[in-house]
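See below for the structure under consideration.
The values are calculated or read from the model by the stated rules, or taken from the named source; none is laboratory data. A quick note: this is a predicted structure, and the numbers were derived from the prediction, not measured. Because the Cβ atoms are built from the backbone with ideal geometry, glycine has one as well, and the counts that use them run over all protein chains shown.
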Amino acid sequence: MTPAEAKVKIAELRSQVARHDELYYRRAKPEITDFDYDRLKFELAGREEEFPQFASVDSPTQRVGDDRAQGFKEVAHRQKMLSLDNTYNEAEVRAFHARLVKLLETDDLRYTVEPKIDGLAVSLTYEEGELVRAVTRGKGDRGDDVTANVLTIATLPRQLAAKGGAVPRVVEIRGEIYLTQAEFDRINAERAAAGEELYANPRNVAAGSIKLLDSAEVARRQLAIVLYSLGHCEPEVVRSQDELHERLRAWRLPVVERIWRVRGIDEAWAAIGELDALRRTFAYGTDGAVVKLDDFAQQRDAGATDKAPRWAIAYKYKPDTARTRLKSITIQVGKTGILSPVAELEPVFLSLSTISRATLHNEDEIRRKDIRVGDLVEIERAGEVIPAVLRSFPEERPKGAKEFDLSAAVEGKCPVCGGKIARVEVDTESGLGAAWKCQNYDCRAQRAGRLGFFCSRRALAIDGVGEIVAAKLVELDLVRDPPDLYDVPREALATLNLGTTEEPRIFGEKNATKMVAAREAARSLPLEKWLYALSVPEVGESTARELGRRHRSFAELVDSKLLRFVLKKAELVERRELEAPASRKNPAKNDEERTRRKDLCAQLDREVAALDTGPLAGVPSEIGPAVAASALEFFAGKPGRRLLAKLNTLGIDPQGTVMETGVFTGKTLVLTGTLPTMKREEAEQKILAAGGKVSGSVSKKTSFVLAGAEAGSKLDKARELGVAVIDEAELRRLLG
Ligand code: IVH
């Protein structure tokens, strides 16, 4: 890999990691397994090591994840809350020990080994033995004050039991908030009954719950907590991890059921194995073992990096897998019409539940992994709702097992509506791939998929209409396009049977009333939400937001000058490439042609430049030619026209959030460091609302750098380039 390629790759990996951090820490809605996330991060760290010129203090490999959310007061930790380095292999656990032996100049090291709990980290402050505050890790130095929510945890004492010996004047005790499997199942059963989307795993619910602004709602979910580490403590009354565990227990705080006290790394490794055999009996989910140097004085000597202590390491267990027989492959049709293969399995018990279906991703994956009907397969479940098929065992294959051919399996037509299918290109986890797609926009599966999406939290948040309810409404022909939902009478909803005639499951009065209220509330949501909710091809959440900021209404969007401008510019640029005399595809044949084409290119350059300085310039990258073409085509076509006509009849006319002019119109700002009172998101929102753009890196085009405490390389860069630097006070002044 050349440095130039590495630079691009590193930027790409950083943005992927940042996206998954956001999903995990802030939204508690991860899209990939921890294992895959760790893989991404390892790859990034590897490249940064190989190409140190691109390393940066801002890289996710150098920071702890940020869990802060809006609506909470921020509080500084007295002692920083660090993360843990983690590994999946024994050699690295041994290397950890070897480093400490060298650093501390002794090979007689004692460790504790304890479960790594899969929950959400918090720090509790007890003053004079009384619980005064609970704060999330945040970004390590400061986090969100979630005291009110933590106080709903029934098993957490407000007062440290004095029997535990001298109670420190001030002590920060760290631990993990979690949800038991039983409570998780109870909440999901309740949601299923109400037709709501199911939660993926206990960790996400715990993390999501602690960030709810309504403590009464938090109290309805029985969160639990377990404590395992010490922050600031005055006076210092504890000398080792082992002693801490005893103290916590004596103070009557909930602690892990077992810790191993060991000498040397061989014993530590053995304890890791013992813990693996035991951990599934614990009330909380565990995903690893934490090995900690026992002696606090030695811990201090070993020290820490910005991100993690050198005296501890987390060994992560591989996700659970099981073997079973693949009985058949069925095909599901999603909201965009893509046909996805699903493995129907001989039921098998894995990670606390019985699994009989698993995803096979797509046809290419099936081929790559050489999976055939009748095969013995290995399946994995890693905290996701849908388990996945990992591999097959061709050596044990029954005779005559044929390769799977998706198109043949569905006899060349959509398995739901019988309509035409076509080969299309799709994004997959491993890059671009091919898939089959149902071409019928009115296919029942696509309609149900779109309706479910329309009602989902990220779209119009019409609670109560999950996958099952959506499918039912479509099946009964009560809804064709999502907005038809407004025509379904409350009474019809109340008596809707989601089960079968033999085993009815009625949607019910209460749910129907809630849903009607939610759909009414959605009427006044802004254009960006509606645009996203209507499943316009190519229009994702951030694209919808940018479009919503630049159009006043659907009427303006369908005839968008801006979108036509984007297409026009793309056309010119493409033509310019083709006409370049040295174009690889189309090189000029002689001098005469070369001169003619050079002139033409100069002319095209002028036209592009004119567009770039015109009134429509500065279109964000989210609105590219593919988006422009797709949106214009969609609303000019039958489905789009039908949707808009319906909204018109319903009297729904969502408004865009166009700003005429703000103080920052046409300006780009870069944020760095910690602001004294404003959170980063808040500052960003204010800048956006004043017409500005926020960018992640400083260049000559940057208008201002907004700098706070501990601003890093971006501030240096701004000074180097002579970009104006402002602080929070100045920002407030500019915003008026
Ligand atoms: S000790 C300075 N012990 O795992 C190190 N952390 O992936 C303090 N975690 O941020 C952490 N179980 O939230 C420690 N037994 C345990 C743990 C544990 C879970 C969490 C903790 C940490 C994260 C790192």
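A few comments on the model shown:
- The listed residue being more than 24 Å from Ser353 (Cα to Cα), more than 14 Å from the ligand (Cβ to nearest atom), at pLDDT below 95 and part of a helix (DSSP H, G or I), out of Glu236, Glu217, Glu267, Glu243: Glu217
- Test: residue in region 91-100 that is near the ligand (Cβ under 10 Å from one of its atoms), modelled with pLDDT of 95 or more, outside any loop (DSSP other than H, G, I, E, B) and not hydroxyl-bearing (Ser, Thr, Tyr): no
- Failed criterion for Asp287 (all others in (1) in contact with a helix residue (DSSP H, G or I) (Cβ under 6 Å, 6 or more places away or on another chain); (2) of a type outside the set (Val, Ile, Thr); (3) crowded, with 18+ Cβ neighbours inside 10 Å hold): (1)
- The set of residues in region 532-544 that are in a helix (DSSP H, G or I) and touching a residue at least 40 places away in the same chain (Cβ under 8 Å) comprises Tyr532, Ala533, Glu541, Ser542, Thr543.
- Flag for Val17 being closer than 26 Å to Gly143 by Cβ and assigned to a helix (DSSP H, G or I): yes
- Selected residue (only one of Thr106, Thr125, Thr136 is over 30 Å from Pro676 (Cβ atoms) and among the β-branched types (Val, Ile, Thr)): Thr106
- Annotation note: Cβ proximity below 6 Å between a residue of region 18-33 that is touching a residue at least 60 places away in the same chain (Cβ under 8 Å) and closer than 19 Å to Ser209 by Cβ and a residue that is in a helix (DSSP H, G or I) and among the hydrophobic types (A, V, I, L, M, F, W, C) (sequence gap 6+ or interchain) occurs for Ala28/Ala207; Lys29/Leu23; Pro30/Leu23.
- Sole exception among (1) closer than 30 Å to Val516 by Cβ; (2) within 16 Å of the ligand (Cβ to nearest atom) for Val226, by number: (1)
- Taking region 41-80 as the range and being hydrophobic (A, V, I, L, M, F, W, C) and either more than 23 Å from the chain's Cα centre (by Cα) or more than 16 Å from the ligand (Cβ to nearest atom) (or both) as the test, the residues that pass are Leu44, Phe51, Phe54, Ala55, Val57, Ala69, Phe72, Val75, Ala76.
- Looking across region 311-356, the residues that are farther than 30 Å from Leu104 by Cα, touching a Leu at 6+ places or on another chain (Cβ under 9 Å) and of a type in the set (A, V, I, L, M, F, W, C) come down to Ala322, Leu326, Ile329, Ile331, Val333, Leu339, Val342, Ala343, Leu345, Ile355.
Each row is one residue, and each column tells you yes or no for (1) under 24 Å from the mean Cα position of the chain (by Cα); (2) buried (at least 18 other Cβ atoms within 10 Å of the Cβ); (3) assigned to a loop (DSSP other than H, G, I, E, B).
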position: Val658; (1), (2), (3): no, no, yes
position: Val663; (1), (2), (3): no, no, yes
position: Leu669; (1), (2), (3): no, yes, no
position: Pro676; (1), (2), (3): no, no, yes
position: Ala683; (1), (2), (3): yes, yes, no
position: Leu688; (1), (2), (3): yes, yes, no
position: Gly691; (1), (2), (3): no, no, yes
position: Ser699; (1), (2), (3): no, no, yes
position: Thr702; (1), (2), (3): no, yes, yes
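- Region 712-736, residues that are outside any helix (DSSP H, G or I) and among the acidic types (Asp, Glu): Asp727
- Looking only at region 709-725, residues that are in contact with a Lys or Arg (Cβ under 9 Å, 6 or more places away or on another chain) and surrounded by 14 or more Cβ atoms within 10 Å (Cβ to Cβ) come to 2 in all.
- Flag: Thr112 matches the condition of being within 16 Å of the ligand (Cβ to nearest atom), of a type in the set (S, T, N, Q) and buried (at least 18 other Cβ atoms within 10 Å of the Cβ).
- Answer residue from region 126-138, given it is crowded, with 20+ Cβ neighbours inside 10 Å and assigned to a strand (DSSP E or B) and is farthest from the ligand (Cβ to nearest atom) among those: Tyr126
- Residue satisfying condition, being over 30 Å from the mean Cα position of the chain (by Cα), within 25 Å of Arg258 (Cα to Cα) and not small (Gly, Ala, Ser), within set Arg137, Arg158, Arg169: Arg158
- Among the residues listed as Ser123, Ser83, the single one being touching a strand residue (DSSP E or B) at 6+ places or on another chain (Cβ under 7 Å) and within 16 Å of the ligand (Cβ to nearest atom): Ser123
- Residues of region 287-346 that turn out to be within 12 Å of the ligand (Cβ to nearest atom) and hydroxyl-bearing (Ser, Thr, Tyr), as a count: 2
- Scope region 482-499; condition more than 34 Å from the chain's Cα centre (by Cα) and among the small types (Gly, Ala, Ser); matching residues: Ala492, Ala494
- Hits in region 536-556 (condition: closer than 14 Å to Ala629 by Cβ and of a type in the set (A, V, I, L, M)): Val536, Val539, Leu547
- All of Arg357, Arg381, Arg444 fail the test of being surrounded by 13 or more Cβ atoms within 10 Å (Cβ to Cβ) and touching a Cys at 6+ places or on another chain (Cβ under 9 Å), apart from Arg444.
- Residues satisfying the stated conditions in region 612-640, i.e. of a type in the set (Gly, Ala, Ser), farther than 10 Å from Glu538 by Cβ and surrounded by fewer than 18 Cβ atoms within 10 Å (Cβ to Cβ): Gly614, Ala617, Gly618, Ser621, Ala636, Gly637
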